[in-house]
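Input: a single structure, listed below in C-alpha cells.
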Amino acid sequence: MIIAIDGPAGSGKSTVAKMLAKHLGINYLDTGAMYRALTWKALQQKLNLEDENALCRLMEQTNIRFQHEQKGLQVFVDDINVTKEIRSPSVTNHTHYISGKPRVRAIMVSLQRRIASEGDTIAEGRDMGTVVFPLAEKKFFLDAKIEERAKRRFHERGILHSENSLDDITKEIELRDQRDTTRKESPLKISEDSIYVDTTHLTINEVFHRILQEVEPLLKNK
Ligand code: DC
C-alpha cells in the first residue's frame with residue numbers, strides 16, 4: 001500500500017507523514033531528502049551542477065539509504081550520516097539543479113519505487129501522486145498560505161539561523177514554490193484524484209486526524 005503526500009515547502013507534509021508512518025507502523029519515504037542527499041554529494045565533489053551527464057554518473061555511483069534510529073530517520077550517503085548536512089541553507093538553495101534534471105529524476109524515481117516495494121509506505125514529496133506512484137491507494141495534497149508556511153519555517157529555524165528574518169524566509173519559499181511549480185520535469189501539481197487539505201488554519205494534530213480518517217478504512221480492508 002502506498003499513501004502519497006505532496007505539497008509545497010512548509011505545508012506540514014513531513015511532520016504529518018512521519019506521525020502517520022509511526023502511528024500505522026509502516027515505512028516513511030522522504031524523497032526530498034534523496035534530492036538533498038545527491039545535492040550534498042555533488043557540492044562536496046564540486047561538480048558542475050549544470051552537467052546532467054556528470055550528475056547521472058554521480059547518482060549511479062551513490063548509495064542513498066535511510067535508517068530508522070531512536071533520534072529519528074537518519075539519511076546516509078555512502079555510509080556517511082548526512083541527516084543534518086542536507087538541511088543546510090547551501091544544500092536547500094542548490095537542490096533545484098538536481099531536481100530539475102530529467103535523467104537524474106528518472107534514476108531517483110526508480111530508486112524511490114524500489115524502496116517503496118519493501119513494504120507499505122507513506123511517500124512524501126512533490127510528484128508522488130502524479131509521477132512516482134500514480135496508482136497509490138490514497139493521495140493527499142497539503143497546502144497552506146505562503147504567510148503561514150513562512151511563519152512555520154521561521155519558528156523551526158529561529159534558533160539555528162537567527163540571521164534569517166521572516167521576510168527572507170518568505171522570499172526563499174516564494175522562489176522555491178516558483179521553481180517547484182514551473183519546472184518542466186515533474187512539476188509540483190495537484191493530481192485529479194488527490195485529496196486537497198488546506199492546513200493554514202489547522203494544527204498538526206488536526207491534519208494528522210484528517211488524513212488518518214481517510215487512510216484507516218484502507219487498513220481495515222487489508
Ligand atoms: O521536501 P524538501 O524541501 O526536502 O525537498 C527538497 C527539494 O527537492 C525541493 O526544493 C524540491 C525537490 N523535490 C522534488 O523535486 N521532488 C520530490 N519528490 C521531492 C523533493
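The values are calculated or read from the model by the stated rules, or taken from the named source; none is laboratory data. These numbers come from a predicted model, not from an experiment. In this analysis, Cβ positions are derived from the backbone assuming ideal geometry, glycine residues included, and neighbour counts consider all displayed protein chains.
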Review point. So which residues in the stretch 1-16 are buried (at least 24 other Cβ atoms within 10 Å of the Cβ), within 12 Å of the ligand (Cβ to nearest atom) and part of a helix (DSSP H, G or I)?
Key: LYS13
Study note, to complete from the structure: Considering residues that are surrounded by 12 or more Cβ atoms within 10 Å (Cβ to Cβ) and assigned to a helix (DSSP H, G or I), the number found within the stretch 32-89 is 24
Practice item. Just one of (1) within 15 Å of the ligand (Cβ to nearest atom); (2) among the hydrophobic types (A, V, I, L, M, F, W, C); (3) within 22 Å of ALA144 (Cβ to Cβ) trips up MET34, so point out which. Key: (3)
Exercise for review: Could you tell me whether the stretch 76-85 includes any residue that is modelled with pLDDT under 95, closer than 30 Å to LEU166 by Cα and out of contact with any helix residue (DSSP H, G or I) (no Cβ under 8 Å at 6 or more places or on another chain)?
Suggested key: no
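Across the stretch 37-54, which residue is farthest from the ligand (Cβ to nearest atom) among those that are among the charged types (D, E, K, R) and in contact (Cβ under 8 Å) with a residue 12 or more places away in the chain?
If we take residues in the stretch 37-54 being among the charged types (D, E, K, R) and in contact (Cβ under 8 Å) with a residue 12 or more places away in the chain, then GLU50 is farthest from the ligand (Cβ to nearest atom).
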Point to revise | Residues within the stretch 105-135 that are out of contact with any Asp or Glu (no Cβ under 9 Å at 6 or more places or on another chain) and under 19 Å from ARG210 (Cβ atoms), tallied | key: 1
Exercise for review: Within the stretch 37-52, identify whether any single residue is within 22 Å of ALA116 (Cβ to Cβ), in contact with a Lys or Arg (Cβ under 8 Å, 6 or more places away or on another chain) and of a type in the set (S, T, N, Q), and answer yes or no.
Suggested key: no
Point to revise | Residue identified as surrounded by 13 or more Cβ atoms within 10 Å (Cβ to Cβ) and either away from the ligand (no atom under 13 Å from the Cβ) or in a helix (DSSP H, G or I) (or both) among LEU188, LEU142, LEU135, LEU111 | key: LEU111
Practice item. Within the stretch 68-75, identify whether any single residue is within 13 Å of the ligand (Cβ to nearest atom) and modelled with pLDDT of 95 or more, and answer yes or no. Key: yes
Check your understanding: Are there any pairs, at least 6 apart or on different chains, whose C-beta atoms fall under 7 Å, with the first in the stretch 127-141 and closer than 10 Å to LYS189 by Cβ and the second among the aromatic types (Phe, Trp, Tyr) and surrounded by fewer than 22 Cβ atoms within 10 Å (Cβ to Cβ), and if so, which?
Key -> PHE141/TYR196
**Study point:** Pairs with Cβ under 7 Å, 6+ apart, first in the stretch 182-205 and more than 17 Å from PHE133 (Cβ to Cβ), second away from the ligand (no atom under 16 Å from the Cβ) and assigned to a loop (DSSP other than H, G, I, E, B)
**Key:** THR200/LYS145
Practice item. Mind listing whichever residues of the stretch 1-26 are farther than 27 Å from LYS171 by Cα and in contact with a helix residue (DSSP H, G or I) (Cβ under 9 Å, 6 or more places away or on another chain)? Key: MET1, ILE2, ILE3, ALA4, MET19, LEU20, HIS23, LEU24, ILE26
Review point. Which one is nearest to ALA4 (Cα to Cα) among residues in the stretch 114-126 that are away from the ligand (no atom under 12 Å from the Cβ) and assigned to a strand (DSSP E or B)?
Key: ILE122
